[in-house]
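Accompanying notes for the structure given below.
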Amino acid sequence: MIGIEKELLIFLTAFSSGLFLRGTYRCLECFRDIVKHSFLAVGIEDLFYWIFVEMYLFVQIYHTNNGKIRWYSILGLVVGCIFLWKTFLVLKK
């Protein structure tokens, strides 16, 4: 049985991973605004981004949860992404 401290640490790790992944995609969006891309180039960039996300999350889950997907790690990841997305929306105004 995992203690609450370990669960909180896993949640915070997932939260920071969500922040990192959303920030990385925002950087990719800014790059696309600066340098115009064709639909094919955007698709290829997205493909490479999602391959990177898959590998990054696999390693994170493997190291923090011993390969077990827990609901609070998924929740932390989603909350981190939404938090940064909302922050960007507020800063954009």
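Name the residue, out of R32, R70, that is touching a residue at least 60 places away in the same chain (Cβ under 8 Å) and charged (D, E, K, R).
That would be R70, the only listed residue that is touching a residue at least 60 places away in the same chain (Cβ under 8 Å) and charged (D, E, K, R).
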> Going through the stretch 14-39 one residue at a time, which ones are open to solvent by 40 Å² or more (accessible area, probe 1.4 Å), of a type in the set (S, T, Y) and in contact with a helix residue (DSSP H, G or I) (Cβ under 7 Å, 6 or more places away or on another chain)?
Replying inline: S16, Y25
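Scan the stretch 20-36 and tell me whether some residue there is among the acidic types (D, E) and more than 24 Å from L9 (Cβ to Cβ). Break it down stepwise before answering.
Going residue by residue through the stretch 20-36, those that are among the acidic types (D, E) are 29, 33.
Filter once more, keeping what is more than 24 Å from L9 (Cβ to Cβ): 29, 33.
Yes: the stretch 20-36 contains one or more residues that are among the acidic types (D, E) and more than 24 Å from L9 (Cβ to Cβ).
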> What is the residue count in the stretch 40-93 for residues that are closer than 16 Å to F15 by Cα, open to solvent by 100 Å² or more (accessible area, probe 1.4 Å) and assigned to a loop (DSSP other than H, G, I, E, B)?
Replying inline: 1
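Criterion first (touching a residue at least 60 places away in the same chain (Cβ under 8 Å) and aromatic (F, W, Y)) does F88 satisfy it? Give the steps one after another, and end with the answer.
Working: touching a residue at least 60 places away in the same chain (Cβ under 8 Å): yes; aromatic (F, W, Y): yes.
For F88, the condition - touching a residue at least 60 places away in the same chain (Cβ under 8 Å) and aromatic (F, W, Y) - is met.
The values are calculated or read from the model by the stated rules, or taken from the named source; none is laboratory data. Just so it is clear, the model here is predicted, and its values are computed rather than measured. A quick note on method: Cβ atoms are made from the backbone with ideal geometry, for glycine too, and the neighbour counts reach across all protein chains shown. Ligands, DNA and RNA are excluded from the accessible area calculation, which covers all protein heavy atoms including side chains. Shrake-Rupley method; radii C 1.70, N 1.55, O 1.52, S 1.80 Å.
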